[in-house]
Amino acid sequence: MAIKEKESIPFIALTLTTAICIIITLYSLSIGWFIIHQNLFYIPIIIACVYYYKRGLLFSILLAGLYFILFATTTADPALLQGAAIRVLLFILIAGVITWLSMQRAELATRLSLSNDELTATNEELLASEEEIRSHVDELYSAQQIITDTKDRYLALFEAAGDAIFLHEIDADGMPGKFNEVNGRACESLGYTREELLGLTVIDIAGEKAIREAPDRMQELLEWGHSIFESDHKRKDGSTFPVEVSSRVIRHPDETLILSVVRDISERKAAEEALRQMEEEKSTVLNSMPVMLAYLNPDLTIRYANRASAASVGMSQQDLIGRHCFEIWHGRTESCDKCPVLSSLASNRIEEGEVQIPDGRIFHLKGCPVYDDDGNFEGIIEFGMDITRQREAEDALRLTSEKLQILSSITRHDILNHITTVLGFLDFAEGMSVDETQAHYLDRIKTASKNIQRAIEFTREYENLGIEEPRWLQLTSLINKVSQGELPIENDCQEVRVFADPMIEKVFYNLYDNTLRHAEGATGILIHCETDDGDLLIIWEDDGTGVPEEMKERIFSRGFGKNTGFGLFLSREILGITGTTITENGIPGKGARFEIRVRKGHFEKTA
């Protein structure tokens, strides 16, 4: 900061003196003074030329020109103008002389400074030489101590190493020779004392593999100067163990040695063997699976495929790796539409569905996303099962079932016609009979015929059970289909869907019919929904007489009741297709309460 202030003083002085000169000149010229003021211009000219050299000379010329211009604008007297011009030349001449003198002075100062610097440098070199001689003496004095400390430090590190370290010679035939030095870990690993090891060669502690590979290892080591390899060592008791050896050639003027760091890798080898066995077991298990399993990358390229996957397309497992699943099974260049694996990628959930490939086979596929420990998406597992034969069997079964239905329908129709004929003739016989015993037997025959008629009519309902696949059905729509006649129905189950057999509509019809027939004094029906331990309860209640305690389970038995005896039995069978149950839990005398329990996952709220 002080240097900057010192350098700014000439500039400030130049600026002030220049301003003063111009102001005084303007004032003097304005009152007619033409002689005195011009001498003031020497001050800024001298300052500029002394401190700024060539720039100062240029400044002086400009300042002299300014002086003449100011003078010329004030007077037109030739004599005065001639005098002003002479003074301008004097200003420039004096500025040139001062500039030359200043530059000479600066050059002399620079030379003097360089001479002083050279003298100082020479003195410093003399001092440095003296100090260097002194330091050499100190270095020579401490060299022995440094060597001693280094040796102690080397020995400490050598002995503290966790791996065995061997320093050995090279025999004349190029084979590893006698040990020069070993650390404590080397002695421990082999079961020798240090003195015993120093009397042996590398071949003495080498296992069969090490002896067999020794010539090649030595050739590689001497050629490249270093080598890392796996081998085996033999202990004093004759047992061997696997090792990893890192060797390096150490060349001295008098001899060439080899330094080897040896690590016991018994545990690592055991872990690798255990891992290999695990991989083999995993591969055996996955390849023994009767289903196709493939592990896919997010772009649907295959990372792994089991034997069943490869066999499904007549290829080897390795040939599947890296190729797209849609390329292999569908012969496509882009992903398939409505693929469960794509759905799983989009939803991040397990998705499944059926896919038919070009050769006509049908596979049931399931996609399962895979995440790492941090929750990042890694890939997807695809499970597949060939269900072509199953579908063919189902189609054949469906065709057989349809034929049996037709046969059953025709047979039922014919039997009912004959029963109707029998009942008609029984009515005529009863009207014509005058014998009470005969009339009694005719009545028994008529009752039995009607029971046969009801049983055959029930088969019409029961044969449709389970024909259609269960589906999602709106509960309110099912209830609204029940004919509301004598008893009104109040439904509080809004916006609920259930997964059930389409014949569930028959369940609500039977419950309504059961209420009409047996709920004496009932004025209405209330249907409401509750959740219980994750399940949905659809509750059907009336305000009639209820069901006696001993009858609560019997009413669901086949043939029980005053009418056909099939209504509640059929209802329980229909609900049981999808695992839904129905029970009667009302209080006798206070009305019936039928509870339909829909298990978790088989219902959903649509609001």
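The values are calculated or read from the model by the stated rules, or taken from the named source; none is laboratory data. A quick note: this is a predicted structure, and the numbers were derived from the prediction, not measured. Every residue, glycine among them, receives a Cβ derived from its backbone with ideal geometry; neighbour counts consider all protein chains shown.
Can you tell me which residue within the stretch 260-287, out of those that are among the aliphatic types (A, V, I, L, M) and closer than 15 Å to residue 229 by Cβ, is surrounded by the fewest Cβ atoms within 10 Å (Cβ to Cβ)? Taking the candidates together, the pick is 265.
Scanning the stretch 201-258 for residues that are closer than 19 Å to residue 173 by Cβ and among the β-branched types (Val, Ile, Thr) gives 201, 202, 203, 205, 211, 249, 256, 258. Failed condition for residue 594, given (1) modelled with pLDDT under 90; (2) surrounded by 15 or more Cβ atoms within 10 Å (Cβ to Cβ), with all others met? Residue 594 satisfies every listed condition except (1). Quickly run through the stretch 250-280 and pick out the residues that are among the charged types (D, E, K, R), within 34 Å of the chain's Cα centre (by Cα) and more than 27 Å from residue 341 (Cβ to Cβ). Correct list: 267, 268, 269, 272, 273, 276, 280. The numbered conditions (1) modelled with pLDDT of 85 or more; (2) over 20 Å from the mean Cα position of the chain (by Cα); (3) among the β-branched types (Val, Ile, Thr) are all true for residue 406 except (1). Which residue pairs have Cβ atoms under 8 Å apart, sit 6 or more places apart or on different chains, and have a first residue in the stretch 362-379 that is more than 30 Å from residue 392 (Cβ to Cβ) and assigned by TED's automatic domain parsing to the domain that holds residue 313 and a second that is among the charged types (D, E, K, R) and part of a strand (DSSP E or B)? So the pair list comes out as 370/378; 371/378; 372/378; 379/303.
Looking only at the stretch 321-344, residues that are in a loop (DSSP other than H, G, I, E, B) and among the β-branched types (Val, Ile, Thr) come to 2 in all. Among the residues of the stretch 306-335, those that are surrounded by 16 or more Cβ atoms within 10 Å (Cβ to Cβ) and touching a strand residue (DSSP E or B) at 6+ places or on another chain (Cβ under 7 Å) comprise 306, 308, 309, 312, 317, 320, 324, 325. Here the condition is being at pLDDT below 90, in contact with a Gly (Cβ under 6 Å, 6 or more places away or on another chain) and more than 20 Å from residue 482 (Cβ to Cβ); of 565, 544, it holds for 565 alone.
Among the residues here, residue 93 does not qualify as under 30 Å from residue 48 (Cβ atoms), at pLDDT 75 or above and not assigned by TED's automatic domain parsing to the domain that holds residue 50. For the condition crowded, with 16+ Cβ neighbours inside 10 Å and of a type in the set (S, T, N, Q), residue 545 qualifies. Do we find that residue 569 is in contact (Cβ under 8 Å) with a residue 24 or more places away in the chain and at negative phi in this structure? Criteria not met by residue 569. The residue pairs whose first member lies in the stretch 312-338 and is within 18 Å of residue 298 (Cβ to Cβ), whose second member is assigned to a loop (DSSP other than H, G, I, E, B), and whose beta carbons are closer than 6 Å, counting only pairs six or more residues apart or on different chains, are 324/300; 325/300; 326/332; 326/335; 326/336; 328/313.
Residue-by-condition table, conditions (1) under 22 Å from residue 367 (Cα atoms); (2) not assigned by TED's automatic domain parsing to the domain that holds residue 317:
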residue	(1), (2)
238	no, yes
260	no, yes
281	no, no
293	yes, no
